[in-house]
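Here is the structure we will look at.
The values are calculated or read from the model by the stated rules, or taken from the named source; none is laboratory data. Not measured: the values here are computed from a predicted model. Glycine also receives a Cβ, built like all others from the backbone with ideal geometry; neighbour counts cover every protein chain displayed. In case anyone asks, the SASA skips ligands and DNA or RNA and just uses the protein heavy atoms, side chains included. Shrake-Rupley method; radii C 1.70, N 1.55, O 1.52, S 1.80 Å.
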Amino acid sequence: MAAESAKPDVFQAIADPTRRQLLQMLSNGEMPVTAMSGHFAMSRTAVSKHLRILADAGLVANRKVGRETRYRLQPEPLLELKRWLEYYDRFWENKLAMLKHYVEETAADE
């Protein structure tokens with residue numbers, strides 16, 4: 001298995017509720033891992049592993065400031081997710097419009 005295929009994509013990265021919560025926290029600005037880990041009932045190491053998955057998917061970036069590592073949101077990869085969801089949004093709008101038309105036609109025939 002190639003190294004590229006082992007990296008998580010955006011969909012895999014956001015599949016976990018902890019990682020979604022981390023992204024939500026980072027939407028307010030850059031944060032050190034120590035501050036983020038205080039919001040979870042898990043070790044700092046576990047939070048760091050979640051952040052590494054987000055970083056591998058390109059959703060967060062980090063930088064060292066002294067002894068601490070600070071993370072920031074990189075929202076650009078979420079555009080892939082947005083485009084995917086927009087397709088299904090249009091799909092369901094079309095299906096619901098067809099259902100509405102059918103119900104209205106059936107009611108008019110009665």
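Looking at the stretch 56-69, can you tell me whether even one residue there is under 27 Å from Leu85 (Cβ atoms), free of Cβ contacts under 8 Å to residues at least 24 places away in the same chain and open to solvent by less than 30 Å² (accessible area, probe 1.4 Å)? So far as the stretch 56-69 goes, yes, one or more of its residues are under 27 Å from Leu85 (Cβ atoms), free of Cβ contacts under 8 Å to residues at least 24 places away in the same chain and open to solvent by less than 30 Å² (accessible area, probe 1.4 Å). Can you find even one residue in the stretch 82-96 that is open to solvent by less than 70 Å² (accessible area, probe 1.4 Å) and among the hydrophobic types (A, V, I, L, M, F, W, C)? Among the residues of the stretch 82-96, not one is open to solvent by less than 70 Å² (accessible area, probe 1.4 Å) and among the hydrophobic types (A, V, I, L, M, F, W, C), which makes the answer no. The single condition from (1) of a type outside the set (A, V, I, L, M, F, W, C); (2) open to solvent by 80 Å² or more (accessible area, probe 1.4 Å); (3) at pLDDT 95 or above that Asn28 fails is (3). If you go through the stretch 33-42 one residue at a time, do you hit one that is out of contact with any helix residue (DSSP H, G or I) (no Cβ under 9 Å at 6 or more places or on another chain), free of Cβ contacts under 8 Å to residues at least 12 places away in the same chain and either surrounded by 10 or more Cβ atoms within 10 Å (Cβ to Cβ) or assigned to a helix (DSSP H, G or I) (or both)? Taking every residue of the stretch 33-42 in turn, none turns out to be out of contact with any helix residue (DSSP H, G or I) (no Cβ under 9 Å at 6 or more places or on another chain), free of Cβ contacts under 8 Å to residues at least 12 places away in the same chain and either surrounded by 10 or more Cβ atoms within 10 Å (Cβ to Cβ) or assigned to a helix (DSSP H, G or I) (or both). Of the residues Arg44, Arg20, the single one that is more than 24 Å from Trp84 (Cβ to Cβ) and among the basic types (Lys, Arg) is Arg44. Against the criterion of being out of contact with any Cys (no Cβ under 9 Å at 6 or more places or on another chain), closer than 22 Å to Lys7 by Cα and open to solvent by 100 Å² or more (accessible area, probe 1.4 Å), Arg72 does not qualify.
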